[in-house]
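Comments concern the structure below.
Values in this text are rule-based calculations from the coordinates and carry no lab data. Quick caveat, the model's predicted, so the values are computed rather than measured. Every residue, glycine among them, receives a Cβ derived from its backbone with ideal geometry; neighbour counts consider all protein chains shown.
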Amino acid sequence: MNSINDYTDIVGFETIEEIKKIGSYLSGKIIQNINSTPVGGGVAEILGRMVPLMKEVGVDARWDFIKGGERFFEVTKKMHNSLHGMKEDITEDDFRHFLDVTDENLREMNLYGDIICIHDPQPIGLVKIKNNNNHKDKKFIWRCHIDLSSANVKTFNFLKKFIEKYDYSVFSSPLFAKKLKIPQILISPSIDPLSDKNKDLPQQTINDVLEKFGIDPEKKTITQVSRFDRLKDPLGVIDVYRLVKKHVDCQLVLAGGGATDDPEGIEVFNEVVAKAGGDKDIHVFKLPPASNIEINALQRASTVVLQKSIKEGFGLTVSEALWKSKPVVASAVGGIPLQITHRHSGLLSRTTEGTALYVKQLIQNPEYAKQLGENGHEHVKRNFLITRHLRDYILLFLKTGFKEDTVYL
Ligand code: UDP
């Protein structure tokens, strides 16, 4: 695990000193993060890096998970999809089950934090205890990582009753803000440039990973790294590859693992394998948790990285690829346009045909592809690194946890 000082070379001495200074103001406060899975997906990815760094700068940050059975995660996945605007049949019984599991977690969990930061909808109901005597002095933050801009009204209204009990809500993009009675704070997610997923790799490591997965190092490679989730449109990615392949020889890498709070993964993976239909140039991999070096190498070995999501919260995989100076073609959804300015730091697309056209253009114009990748790297360096994120969180916790007149920045 890297130390905060290791980031000095990337973001500069002053930034690091400022983070340490403001972190020290939180001394004595416990920040308890709660989500629904320790591995898989962007939230776990961020917390796994953020919590140790917070501790190092003097913030007593902790990380706990709620528990839920298969049924609970089926319900929360349906809620997740419907909050992204997809059609889902969520029954009254489903909502009741969600509330029952929330109550079970409230009985079993210790909410010991001074500031309790709840991530996403699965644990949202824990805020019910906010006005109980033991918890009256605590502050509750709801950190939403989802694009709520086209949320299903019924599902959103169910959650809204909880959201408005929080002291603050946090969204990844101004576009996701909702009409709420509580303050809404904008904090974009981030990647860790020094993690195994993003650090520089020796060429030999990249070659070893390609060999392990049977990928041809000489052939142009289109890659999408994502959970096997319909909202990531892996089937559409195969359509893109087939359109591109009519014009240029290439191979496709579709790699992704699961998350313990995502029950749809296996079904979608099987659909992808069936659609690939034994094409030797389509490499579909189910990655085990913590395949960070593998993902890093696959992204670095790509000619073009795709993120063909139908809906997206932020899309960390986009920043991961841009950090590696890769040209990215991605759907203009959710937080992706925050990361890609069209024709400057990548290419934004809205259709399968458009995506294929852009991929073909980039494969055929390596100079243009290189320029986009370099601009993308700079953009991520300025906006989406973990140090910026850490600073934003510390400032939010200070605002939340102290009377204003005791904070001197
Ligand atoms: N990821 C991973 N293994 C996988 C698939 C994805 O470690 O098999 C990582 C990916 O590199 C990224 C995160 O999980 O860091 C996914 O975050 P993103 O915001 O792209 O999507 P989410 O899964 O949260 O919808």
Quiz item: Between Ile4, Ala290, Asn134, whose Cα lies farthest towards the positive end of the dipole of the chain when Lys and Arg beta carbons carry +1 and Asp and Glu beta carbons carry -1, centred on the Cα centre?
Solution: Asn134
Practice problem: Starting from the Cα of Arg230, step 7 Å along the direction of its Cβ; do the same at Glu70; then give the gap between the two resulting points in nm. | Solution: 2.0 nm
Self-check item: Electrostatic dipole magnitude of the stretch 218-286 [Cβ: Lys, Arg +1; Asp, Glu -1; Cα centre; debye, to 20]
Solution: 340 debye
Self-check item: Estimated vicinal HN-Hα couplings, Hz - the stretch 137-151 in sequence order (Karplus 6.51, -1.76, 1.60; Gly, Pro = x)
Solution: 8, 7, 10, 10, 10, 9, 9, 9, 9, 9, 7, 8, 5, 10, 5
Exercise. Tabulate in residue order the Karplus-calculated ³J(HN,Hα) for the stretch 226-241, using 6.51 cos²θ - 1.76 cosθ + 1.60 with θ = phi - 60°, rounded to whole Hz; enter x for Gly and Pro.
Key: 6, 4, 7, 9, 4, 5, 8, 6, x, 5, x, 5, 5, 4, 4, 4
Exercise. Collect residues whose amide H, placed 1.01 Å from N in the peptide plane, falls under 5 Å from the amide H of Thr221; neighbours closer than 5 in sequence don't count.
Key: Gln251, Thr303, Val304
Quiz item: In percent, how large is the relative contact order of the chain, given Cα pairs closer than 8 Å and 6 or more residues apart?
Solution: 17 percent
Self-check item: Net charge of Cβ neighbours under 11 Å - reference Ile66; Lys, Arg +1; Asp, Glu -1
Solution: -4
Practice problem: Would you work out the charge dipole size for the stretch 323-372 about its Cα centre, treating the Cβ of every Lys and Arg as +1 and the Cβ of every Asp and Glu as -1, and quote it to the nearest 20 debye? | Solution: 100 debye
Practice problem: Could you state the angle between the C-alpha long axis of helix 352-364 and the longest principal axis of the C-alpha atoms of the chain, as a value from 0 to 90 degrees rounded to the nearest 10? | Solution: 60 degrees
Self-check item: DSSP bridge orientation in the chain - percent antiparallel, rounded to nearest 5
Solution: 0 percent
Self-check item: Distance in nm between pseudo-label sites at Arg62 and Tyr368 (7 Å out along the Cβ direction from Cα)
Solution: 5.4 nm
Exercise. Hey, can you grab everything whose amide H is under 5 Å from the amide H of Asp64? Only 5+ residues off in sequence or another chain; H modelled, so Pro and N-termini drop out.
Key: Asn33, Ile34, Asn35
Quiz item: What is the gain in length, in nm to one decimal, between Glu92 and Ala290 on full extension, counting 0.36 nm per residue of separation less the C-alpha to C-alpha distance?
Solution: 67.6 nm
Exercise. Step through the residues of the stretch 13-22 one at a time and calculate ³J(HN,Hα) from phi using the Karplus curve (6.51 cos²θ - 1.76 cosθ + 1.60, θ = phi - 60°), rounding each to whole Hz and writing x for Gly and Pro.
Key: 4, 5, 4, 5, 5, 5, 4, 4, 5, 6
Quiz item: What net charge do the residues around Lys326 carry, taking every other residue with its C-beta under 11 Å from that of Lys326, with Lys and Arg at +1 and Asp and Glu at -1?
Solution: +1
Exercise. Net charge near Phe140: determine it from the other residues with C-beta under 12 Å of the C-beta of Phe140, scoring Lys and Arg +1 and Asp and Glu -1.
Key: +3
Quiz prompt | Acute angle (nearest 10 degrees) that the helix 265-276 long axis makes with the longest principal axis of the chain, alpha-carbon atoms | solution = 10 degrees
Practice problem: Springs between alpha-carbon atoms under 10 Å, Gaussian network over the chain: tell me which of Thr387, Thr91, Thr205 tops the mean-square fluctuations. | Solution: Thr91
Quiz item: In the stretch 225-239, which residues have a backbone nitrogen under 14 Å from the label point lying 7 Å from Val273's Cα in the Cα-to-Cβ direction?
Solution: 228
Exercise. Give, in nm to one decimal, the length gained when the segment between Ser150 and Glu211 is fully stretched (0.36 nm per residue of separation minus the Cα-Cα distance).
Key: 17.7 nm
Practice problem: Assign unit charges at the C-beta atoms only (+1 for Lys and Arg, -1 for Asp and Glu), then state the dipole size of the chain relative to its Cα centre in Debye, rounded to the nearest 20. | Solution: 900 debye
Self-check item: Candidates Phe73, Phe176, Phe95, ranked by Gaussian network fluctuation over the chain, Cα under 10 Å, top entry
Solution: Phe95
Exercise. Any chance you could give the angle, 0 to 90 degrees and rounded to 10, that helix 386-401 forms with the longest Cα principal axis of the chain?
Key: 20 degrees
Self-check item: Amide hydrogen neighbours beyond the local backbone of Lys29, cut-off 5 Å, H modeled
Solution: Asp60
